[in-house]
Amino acid sequence: MGILANHVPIVEQLKPGVVEVIESTGSTKYFVSGGFVSVLPDSSLNITAIEAFPLDSFSSSKVSSLLAEAQKNAASADEAVAAEASIEIEVLEALQAATK
């Protein structure tokens with residue numbers, strides 16, 4: 001999804017992935033686990049996310065090990081553990097793709 005000047009006002013849900021903030025001085029990439037983006041009639045943009053971290057703060061090897069652990073937990077007989085692991089897998093797979 002890209003937002004340019006004079007974009008039609010919208011509200012969209014963000015899936016786990018990378019948000020790139022482009023400014024006149026350069027750009028910065030952040031990984032968000034989800035949230036919402038809204039474009040207002042004056043072309044201002046609001047991003048609401050529970051957490052956002054600079055993409056370069058992640059180690060691909062650490063992400064891989066966390067993903068392997070979550071995949072093991074997804075097979076748990078405990079429904080709560082399996083459900084939490086399922087969410088972790090979705091976020092970690094998106095993070096793994098972004099760090100490659």
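The values are calculated or read from the model by the stated rules, or taken from the named source; none is laboratory data. All figures in this text were calculated on a predicted structure; none of them were measured in a lab. As a convention, Cβ positions derive from the backbone with ideal geometry for all residues, glycine included, and neighbour counts pool all protein chains shown. What goes into the accessible areas is simple: the full protein's heavy atoms, side chains included, and nothing from ligands, DNA or RNA. Shrake-Rupley method; radii C 1.70, N 1.55, O 1.52, S 1.80 Å.
Odds and ends about this structure:
- The residue that is modelled with the lowest pLDDT, among those in region 66-86 that are surrounded by 13 or more Cβ atoms within 10 Å (Cβ to Cβ) and outside any helix (DSSP H, G or I), is Ser76.
- Some residue of region 87-100 being among the acidic types (Asp, Glu), exposed (fewer than 11 other Cβ atoms within 10 Å of the Cβ) and more than 11 Å from the chain's Cα centre (by Cα): no
- Among the residues listed as Phe36, Phe58, the single one being open to solvent by 40 Å² or more (accessible area, probe 1.4 Å), of a type in the set (A, V, I, L, M, F, W, C) and free of Cβ contacts under 8 Å to residues at least 40 places away in the same chain: Phe36
- In region 8-28, residue nearest to Glu88 (Cα to Cα) [restricted to those that are open to solvent by 100 Å² or more (accessible area, probe 1.4 Å) and outside any loop (DSSP other than H, G, I, E, B)]: Gln13
- Residue check for Val63: more than 15 Å from Leu14 (Cα to Cα), surrounded by 13 or more Cβ atoms within 10 Å (Cβ to Cβ) and either touching a helix residue (DSSP H, G or I) at 6+ places or on another chain (Cβ under 8 Å) or not hydroxyl-bearing (Ser, Thr, Tyr) (or both): yes
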